[in-house]
Amino acid sequence: MAFSFSRLLKTSLRWGLRLSLAFVVLSVALVVTVTFVDPPTWAWRIDRSLFPPKDDIKVRHYWIMLDDMSPNIQLAVIASEDQRFMEHGGIDFDAIKTALEDRDEGDTLRGASTLTQQTAKNLFLWSSRSYVRKGLEAWFALLLDTIAGKRRTLELYLNIVEFGPGIYGAEAAARYYFGKGAKSLTKREAALLAAVLPNPWNYRIKPPTNYMNRRADWITRQMRQLGMNTLKPLN
């Protein structure tokens, strides 16, 4: 009996190591692929197509390079979603610590997900929340920051993030909401687009509600404080 248990344990460990190695190789391969190849689809878009919150949604998407996007939209999403994007390594441990401290003081737990983590989730993972998904999200975020780098990560994010029902990416959003390309977005227009990101299926900016105008005002102030020099490492 002891011999059988020992043999079973060794077999389990051997298969565990093999599976772990296979996962590492596969995840690295996925990140390397999206570093050099624009993905034709991604996990979040597939999830939306299989389980749409509403019926008869027209999908709009145009893939463009980061250089073809206004610096305003680049800065707006950083100001809105992740002001330490240029400083952290994919995961903002300081933001996580602050969120946990605020919760301990009685506040509700705030999200501390970085722009890189959001990109990882949209590219590779499912939408429902769980500790497993958050762990995988953190792993892929670290890989994205290490392999793809800041510039490509931001380019991926701005091409796949959802700005409204079926509206994926900055180019599709700029055309739908403002009748122009993403390269021509003004600061105000970029701030309005960034303002919808927490809830693109319910927030409205065509025309913007009073709440969305206030959100855009706040984002515009944050953009002004950060300054365009924030984008210099991307050049």
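The values are calculated or read from the model by the stated rules, or taken from the named source; none is laboratory data. Since the model is a prediction, treat every value here as computed from it, not as a measurement. Here the Cβ is made from the backbone with ideal geometry for all residues, glycine too, and neighbour counts use every protein chain on show. In case anyone asks, the SASA skips ligands and DNA or RNA and just uses the protein heavy atoms, side chains included. Shrake-Rupley method; radii C 1.70, N 1.55, O 1.52, S 1.80 Å.
For this structure, a couple of remarks:
- Scoring 41-52, 165-176, 16-27, 61-72 by mean Cβ neighbours within 10 Å over their residues and listing the highest first yields 165-176, 61-72, 41-52, 16-27.
- Column: log10 I(q)/I(0), Debye, Cα scatterers of the stretch 1-98, q = 0.13, 0.15, 0.17, 0.20 Å⁻¹: -0.86, -1.02, -1.14, -1.23
- Counting charges near Pro165 (Lys, Arg +1; Asp, Glu -1) among other residues having Cβ under 13 Å from its Cβ returns a value of +4.
- Cα centre as origin, Lys/Arg/Asp/Glu Cβ charges: the stretch 33-85 dipole, Debye: 160
- With protein chains left intact and a 1.4 Å probe, residues in the stretch 119-235 average 46 Å² of accessible area per residue.
- For the stretch 142-198, a Kirkwood radius taken over Cα pairs fed into Stokes-Einstein (37 °C, viscosity 0.692 mPa s) yields D = 275 µm²/s.
- Dimensions of the stretch 172-216 from C-alpha coordinates, computed as largest minus smallest value along each principal axis and given longest first, are 25, 19, 17 Å.
- Within the stretch 49-92, backbone nitrogen closer than 13 Å to the virtual label 7 Å beyond the Cα of Arg151 toward Cβ: 65-68
- Dipole magnitude for the stretch 123-192: about 160 debye, using +1 per Lys or Arg Cβ and -1 per Asp or Glu Cβ, origin at the Cα centre.
- Span-like helix ranges in the chain, DSSP H, alpha carbon extent 27 angstrom or more, Kyte mean at least 0.5: 2-36
- Heavy-atom accessible surface of the stretch 17-90: percent carbon and sulfur, 1.4 Å: 63
- Each semi-axis of the equivalent ellipsoid for the chain is √(5λ) with λ an eigenvalue of the Cα gyration tensor; in descending order they amount to 35, 20, 18 Å.
- The helix-based estimate of mean residue ellipticity at 222 nm for the chain, built from -39,500 (n - 2.57) per DSSP H run of four or more residues and divided by its residue count, is -18500 deg cm²/dmol to the nearest 500.
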